[in-house]
Amino acid sequence: MATTDRDYYELLGVGRQASEVEIKRAFRQLARELHPDVSDAPDAQERFREVVEAYEVLSKTETRDLYDRYGHAGLRSGGFQAGQVDFGSLADLFSAFFGDDVLFGGRGRGGRARGADLAATVEIDLVEAAHGVAREVPFEAAVTCARCGGDGADPGSEITTCPTCGGAGRLQQVSRSVFGEFVRTQICPECSGSGRRIEQPCTECRGVGRVVEERTLAVDLPPGIHHGQQIRVTGEGHAGMVGGRAGDVYVEVRIRPDERFVREGDDIYTTVDLTFTQAALGATVAIPTLDGEEELDLSPGTQPGEIVVLRGRGMPVLQGHGRGDQRVLVSVLVPRHLSDEQRRLLHEFDEHADERTYGKSEGLFDKLKSAFR
């Protein structure tokens, strides 16, 4: 669970409408100031931990949406734990802006590096999104080579220390100017940062230590999930280099349109067609719902554009309790082709109708209020 109850936006010094770029910029600035290896402040370590936790929540769509809706309680119910902060992705971020050694010492010994994340997509129906569904998601990923165990060397062959970087995997270049000394660190071009020299590359992976293969991942999609949301599966991405931990998989959910329903948040909208006689006399009609077809009783005098609200029959609230509503819009069909007898009967009806037959018409403003109530 979250280890701080402070507002995450306040910790990063950004507004609640801040963009992804603004959040990343604020985090970079604070991390530069508060990292324990840089700051001498007594509370630097604690503040740095809080900032990292805030960034982990606000930098990902699914956790940010959960936090915006339900705060820290929502994160706890959603299973977020501060101890699960993705330090691999933070290491990549720090490496890009501060150099390899600022946060976690760059690559591990022996050239270990975290595997890259990858993206996958799964398509489901709206009804499946309402009830939750398990899916097998196919994707391609780099996995550790079975022949060499990820070393990149043919079994039985020798692995020596890279003579260019001395096993460090990096080269440093010191330049002097009127402003002082500047140290520039770069990946060793000889060993590509591994710090090793392979005398005889593995014949299966050609010295890379990884091979690409087709994989499938079982993903549980929770009830109420929205179109475009992502589910993060930790440790199922590309394998790391030389024993480094694997990256993550981000599964984007796409919900296929359903011609029967329109979704708006947790509510769903549908329509029902009535003949003008059904609308006048009342009728029991079958309508589609997320739980199957049901019968709906409509009272005599039902008007075109009237909305019948079925409470609690919409989409489940994601990571919450209850369901939205289903709103049924009534459409009255006016006959286009009449026989002579039908036309005569309608004229006869019209001759006997008066103001009491139709009653007082609801004004446009009242109709709009009813629609949004």
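Of Arg256, Arg215, Arg114, how do they rank once you tally other Cβ atoms within 10 Å and put the fewest first? Don't skip to the end; give the middle numbers.
Details: Arg256 11, Arg215 14, Arg114 24.
Final ranking by Cβ density, sparse to dense: Arg256, Arg215, Arg114.
For a quick protection proxy, order the peptides 313-326, 281-294, 346-359, 218-231 by their average other-Cβ count within 10 Å, most packed first. Numbers along the way, then the final one.
On the way: 313-326: 18.4, 281-294: 13.6, 346-359: 9.0, 218-231: 16.0.
Top to bottom by mean Cβ count within 10 Å: 313-326, 218-231, 281-294, 346-359.
Roughly how many debye, to the nearest 20, is the charge dipole of the range 262-372 about its Cα centre, given +1 on each Lys and Arg Cβ, -1 on each Asp and Glu Cβ, and no other charges?
On the way: 12 positive and 20 negative charges, 73 e Å.
Result for the range 262-372 is approximately 360 debye, rounded to the nearest 20.
What is the sum of charges around Glu158, taking Lys and Arg as +1, Asp and Glu as -1, for the other residues whose C-beta is under 14 Å from the C-beta of Glu158? Could the numbers behind the result be given before it?
On the way: positive: Arg196, Arg197; negative: Asp151, Asp154, Glu199.
Combined, the nearby Lys, Arg, Asp and Glu give -1.
Quick one: work out the % antiparallel among DSSP beta bridges in the range 262-372, nearest 5. Mind dumping the intermediate values first?
Working: 15 of 23 bridges.
Of the beta bridges lying entirely in the range 262-372, close to 65 percent run antiparallel.
Taking +1 at the Cβ of each Lys and Arg and -1 at the Cβ of each Asp and Glu, which of Ser339, Tyr358, Pro316 sits farthest along the dipole of the range 262-372 towards its positive end, judged by Cα position relative to the Cα centre?
Pro316
Take Gln186 and Leu296, extend 7 Å from each Cα along the Cα→Cβ direction, and tell me the distance between the two endpoints in nm.
6.8
Only four residue types carry charge here, +1 at the Cβ of Lys and Arg and -1 at the Cβ of Asp and Glu. Report the dipole size of the range 153-284 about the Cα centre in Debye, rounded to the nearest 20. Could you put the intermediate results ahead of the total?
Values: 14 positive and 18 negative charges, 143 e Å.
So the magnitude is around 680 debye.
No lab work stands behind these numbers, since they all come straight from the coordinates. Note that this is a predicted model, so its numbers are computed, not measured. Don't worry about glycine lacking a Cβ; one is built from the backbone with ideal geometry, like all the others, and counts go over all protein chains shown.
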